[in-house]
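Peer 1: Encoded as C-alpha cells, here's the structure I'll be asking about.
The values are calculated or read from the model by the stated rules, or taken from the named source; none is laboratory data. Please read these numbers as outputs of a predicted model, since none were measured by experiment. When we count neighbours, we look across all protein chains shown, and the Cβ atoms used for this are built from the backbone with ideal geometry, even at glycine.
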Amino acid sequence: MTSLIRHITFDCAEPHEPYELAEFWSRVLGHPVHPEDEPGDDEVALEVPAGQPTLLFIRVPEAKTLKNRVHLDLQPDQPRDEEVKRVSALGATIVDDRRKPNGRGWVVFADPAGNEFCIEAGAMERAALAAAPTPAPGG
C-alpha cells in the first residue's frame, strides 16, 4: 500500500491569519481561495486542479522558530528574474539569492509568515540551459 499527498499544510501564527496567507499564495500560484473559507477561519484552503494536493493554511499557537525542513520549489511560467520581482511585490522576502551568472540557481524567499520557498528558472530558461553546449574541460 502507498499514500497520496492530500494537503500541503502551512502553519500560521499571530499576527498572520490563515486567510491572509492563503490570499498571498493565491496570488503567487493563481489558484483561488476556497469559496467557503472566510477571514477569521482557523483553516483556509486554495482550490487546486483535480489530482493536485490542496494547499491548506492552519492557525497554530506557536511562532515559527527554525528554517523549514521541507519547502516548495516553484518553476514560473515567466523568466525567473521577472517572477522574483513579481513575488517580491506581493510581499515575499528574499532570504538567500543563489542565482548564478550562467542562468542556473534559484532564489530563496519567505512568505509573509516566514515559510521558505524557492523560485527556480522558468521552463523556457531550463530548455535553453539544457540546449547550451557544455564547455570543454580546461576551456
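Peer 1: Restricting the search to the stretch 1-19, which residues are more than 20 Å from R69 (Cβ to Cβ) and modelled with pLDDT under 95?
Peer 2: The answer is M1, T2, L4, E14, P15, E17.
Peer 1: In the stretch 1-43, which residues are among the charged types (D, E, K, R) and either under 18 Å from the mean Cα position of the chain (by Cα) or under 21 Å from Q75 (Cβ atoms) (or both)?
Peer 2: R6, D11, E17, E20, E23, R27
Peer 1: Of everything in the stretch 43-85 that's in a strand (DSSP E or B) and not assigned by TED's automatic domain parsing to the domain that holds S3, which residue is surrounded by the fewest Cβ atoms within 10 Å (Cβ to Cβ)?
Peer 2: Result: D73.
Peer 1: With respect to G40, is the statement that it is on the phi > 0 side of the Ramachandran plot and surrounded by fewer than 14 Cβ atoms within 10 Å (Cβ to Cβ) true?
Peer 2: The answer is yes for G40.
Peer 1: Evaluate the stretch 89-104: report whether one residue or more is within 22 Å of G30 (Cα to Cα), touching a residue at least 60 places away in the same chain (Cβ under 8 Å) and assigned to a helix (DSSP H, G or I).
Peer 2: Looking through the stretch 89-104, at least one residue is within 22 Å of G30 (Cα to Cα), touching a residue at least 60 places away in the same chain (Cβ under 8 Å) and assigned to a helix (DSSP H, G or I).
Peer 1: Quick check on my filter: what residues within the stretch 86-123 are touching a strand residue (DSSP E or B) at 6+ places or on another chain (Cβ under 6 Å), surrounded by 14 or more Cβ atoms within 10 Å (Cβ to Cβ) and among the acidic types (D, E)?
Peer 2: Within the stretch 86-123, E116, E120 qualify.
Peer 1: Of the conditions (1) in contact with a Pro (Cβ under 8 Å, 6 or more places away or on another chain); (2) in the same structural domain as M124 (by TED's automatic domain parsing), S26 fails just one. Which one is it?
Peer 2: Of the numbered conditions (1) in contact with a Pro (Cβ under 8 Å, 6 or more places away or on another chain); (2) in the same structural domain as M124 (by TED's automatic domain parsing), the odd one out for S26 is (2).
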